[in-house]
Amino acid sequence: MARIRSSEITPKHVYVNRRAFMKVSAATIGGIAAFTPDLATGQTRKKLEGVRKSPLSTGETPNTYEHITSFNNFYEFDSGAGDGPKKRSGRFRPSPWSIAVDGHVAKPASYALGDFIKPHVLEERIYRFRCVEAWSLVIPWIGIPLADVIKRVEPTSKARFVEFYTLHDVGQFPQQRTNALEWPYVEGLRLDEAMHPLAILAVGLYGEVLPNQNGAPIRLVVPWKYGFKSIKSIVKMRFVERQPINTWQRQYPQAYGFYANVNPAVDHPNWSQAREARLPSLFRTTRTLPFNGYADQVQHLYAGMDLRRNY
Ligand SMILES: Nc1nc2c(c(=O)[nH]1)N[C@H]1C(S)=C(S)[C@@H](COP(=O)(O)O)O[C@H]1N2
Ligand SMILES: [Mo]
């Protein structure tokens, strides 16, 4: 019989949290969770209309809605990954919402969320999602191509990077009263990365509006990068000349770089990135692929770069 090395076992905090989400699943198995308030979270589930399937989806089977919405990382609600964000985000109000676009663009503006999304077709993109902490999921996002949004605001020749900011509101995000992270959460992409067809702004999953714990009402998804690049609850996009310092890089620069491309050859200071636990499995038995399996589509963006230095 094959012996399992302890290094292949999911860290304990993941395991403990998984027990918590199994309890939640058991409570909703009776099929009560229709499109009325979700009894576990107090949130109303709403279907999104007019969603087109995308050829850019992976053929892998998505994780269940329960898993995707019960195992989250969202420090504004709770530090550490698990079902804390689901339990603590019921009173968050993702509507009304507006998004500001500024910096080096010909058309700076502040949009109501509806106007921001309206010109674009909603697409279902089933993507792999890989966290630095070596767990992964397959998620059927609903979103709009980030490139289409960027073209609309017309970046000038000075715009080389785009920064994203999460809402900063201690009334809505209880953990912003603490210094668990520096607030607001900030992320960034080089402009050519942001223009890549795989990068989307997600507004839903499984055909429904995003639950609060997954980054309602709008969050970034960049499937070839570690999960922390996927900034949630975005209120501002700023086009800048210089490479931004993102929140996790500020926190622990040896572990979290700007690029954060999934790379099985470059370890986190405290663990290997060679394998991952595909939830709900607890075991790191799935091999991690360069660029999270999207190398053919994205590696040209990094031609000539040392990806060990630019981690
Ligand atoms: N604003 C904000 N965005 C965030 C985070 C966060 O704490 N705050 N966590 C990041 C991390 S580390 C991960 S792995 C993903 C998790 O996304 P999910 O909960 O939808 O799986 O969100 C990212 N975006
Ligand atoms: Mo993460």
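The values are calculated or read from the model by the stated rules, or taken from the named source; none is laboratory data. Note that this is a predicted model, so its numbers are computed, not measured. For neighbour counting, all protein chains shown are included, and Cβ atoms are generated from backbone atoms with ideal geometry for every residue, glycine included. The protein model used for the area step is the full one, side chains on, heavy atoms only, and it has no ligands, DNA or RNA in it. Shrake-Rupley method; radii C 1.70, N 1.55, O 1.52, S 1.80 Å.
Worth pointing out:
- Which of 266, 109, 81, positive extreme of dipole for the chain (C-beta unit charges): 81
- Lys, Arg +1 and Asp, Glu -1 on Cβ, resulting dipole of segment 6-302 about Cα centre, debye, nearest 20: 320
- 3J(HN,Hα) along segment 302-311: 10, 4, x, 8, 7, 7, 7, 6, 9, 8 Hz, from the Karplus curve 6.51 cos²θ - 1.76 cosθ + 1.60 with θ = phi - 60°, whole Hz, x for Gly and Pro.
- Couplings for segment 141-151, taken from phi via the Karplus curve 6.51 cos²θ - 1.76 cosθ + 1.60 with θ = phi - 60°, read 6, 10, x, 10, x, 4, 4, 5, 5, 5, 4 Hz in order; Gly and Pro are left as x.
- Accessible solvent surface per residue of the chain, calculated while the other protein chains remain in place, 1.4 angstrom probe, Å²: 46
- Using a probe radius of 1.4 angstrom, the carbon and sulfur fraction of the accessible surface of the chain is 53%.
- Within a straight-line Cα-Cα reach of under 12 Å, residue 86 can be paired with the following aspartates and glutamates, leaving aside sequence neighbours fewer than 8 residues apart in one chain: 38, 66, 76, 78.
- Using θ = phi - 60° and Karplus 6.51 cos²θ - 1.76 cosθ + 1.60, couplings along segment 179-186 (whole Hz; Gly, Pro as x): 10, 3, 9, 7, 9, x, 4, 10
- In percent, rounded to a whole number, the relative contact order of the chain is 20, using alpha-carbon pairs under 8 Å and six or more apart.
- Proximity of backbone amide H atoms, modeled 1.01 Å from N, is registered between residue 135 and 277 at under 5 Å, excluding neighbours fewer than 5 places apart on the same chain.
- Three-way shape label, segment 6-302, alpha-carbon gyration tensor, a/c 1.5: rounded
- For segment 33-130, trypsin sites (Lys or Arg not before Pro) are listed when DSSP marks them as loop and at most 12 other Cβ atoms sit within 10 Å of their Cβ; the list is 46, 91.
- Lysines with Cα under 25 Å of residue 53, excluding same-chain neighbours fewer than 8 positions away: 118, 151, 225, 229, 232
- Projecting the Cα atoms of 170, 310, 100 onto the charge dipole of the chain (Cβ charges, centred on the Cα centre) puts 170 farthest toward the positive pole.
- Multiplying the residue separation of residue 148 and residue 305 by 0.36 nm and subtracting their alpha-carbon distance yields 53.8 nm.
- Linear extension gain, residue 118 paired with residue 295, 0.36 nm per residue minus alpha-carbon span: 60.6 nm
- The residues packed around residue 274, meaning those with a beta-carbon under 9 Å from its beta-carbon, carry a net charge of +1 if Lys and Arg are +1 and Asp and Glu are -1.
- Positive-end residue, the chain charge dipole about Cα centroid, Cβ charges, pick of 138, 50, 301: 138
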